[in-house]
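See below for the structure under consideration.
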Amino acid sequence: MNSIKEFKIRIPEIISINWLGFYTLYKKEVLRFCNVWAQTILAPVITLSLFLMVFTLALSGNRSDVLGFPYSTFILPGLICMQVLQNSFANTSSSLMIAKIQGNIVDILFPPLSPMEVTSAMLLGGITRGVMVGAFSVLVVIPFTQVPIHNFFIILIFATLGSSMLACLGFMAGLWALKFDHMATVTNFIIVPLSFLSGTFYSLKNLHSVFFYISHLNPFFYSIDGFRYGFLGQSDGPILFGFFYLLFVNMVLWFTCYMLFKKGYRIKS
């Protein structure tokens, strides 16, 4: 009976949406990072340019073609996608973390907003930042390189799926962390290693035996590989499988974020 009542309660929450409140919270999240655009938008583009310059100068002349392209052409889409992923994570994690430390977490707990509306608005804010960083990176870097654009629609799909995945991870990290040291732990031991071990700087075809199969379990790989396919038309893995794999991972993570926030994990105690 309890499960039936719980199910009946959840249906109106999903169907009846406070669109004004949802939009207001989403707008707040977007304005939060837009007000410090030099830190949230410009800095990642500069970091991307430095990465590209260092790897191009240091390795490009000594590396053979990768997937049929020069190394500098191969690496650029992966670097852009890595910035997309990391900034999506940074947006939701910092938003929740700062709100908890400053005590203004009540601003999203007291208004007449359901957990679904709060969760979705904050996650969409993280996705927006990630996609904006990717768009500005493409506009700034691509005109000065020889990287083609094979399919813009695929680029947008995998950028959205990847940023959504990292926005969810950032949301959960923001709920879990009680201080900045906790957030640094998640970033240094989970996000950065998964980003660097995702085929950003190399083709997975160079890996052998168990490492090849382990890398194919990394959802970061499918996000970067699909994003790169949108530019080059070449990929390390099956694009269709990567799309459904990321879709499944996102569904699980979105539901997890919703349930954690609904239960008030580390925000109502």
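Computed from the coordinates by the stated procedures, all read-outs in this text should not be read as laboratory data. Quick caveat: nothing in here was measured; it's all calculated off a predicted structure. Ideal geometry is used to build each Cβ from the backbone, glycine not excepted, and the neighbour counts take in all protein chains shown.
Taking a sphere under 12 Å around the Cβ of S95 and counting the other residues whose Cβ falls inside, with K and R at +1 and D and E at -1, yields a net charge of +2. Taking a span of 30 Å or more along the helix axis (Cα atoms) and a mean Kyte-Doolittle hydropathy of at least -0.5 as the rule, the DSSP H helices of the chain that qualify are 71-102, 115-141, 152-176, 239-262.
Net charge in the neighbourhood of R129 (other residues with Cβ under 11 Å of its Cβ; Lys, Arg +1, Asp, Glu -1) is 0.
Among 217-227, 87-97, the peptide with the highest mean count of other Cβ atoms within 10 Å heads the list, and the full ranking is 87-97, 217-227. Taking the Kirkwood radius as Rh and the Cα radius of gyration as Rg, region 17-107 has a ratio of Rg/Rh equal to 1.17. Of the cross-linked pairs K179/K263; K100/K179; K28/K100; K100/K262, those separated by over 18 Å at the C-alpha level are K179/K263. Take region 89-209, compute every pairwise Cα distance, and split them into 10 Å bins from 0; I just need the percent in each bin. All Cα pairs considered, the percentages come to 12, 34, 32, 17, 5, 0. Here is the size of region 2-262 from its Cα atoms: Rg then Dmax, 19.3, 66 Å.
Net charge dipole, the chain: roughly 620 debye, given to the nearest 20, about the Cα centre with Cβ charges of +1 for Lys and Arg and -1 for Asp and Glu.
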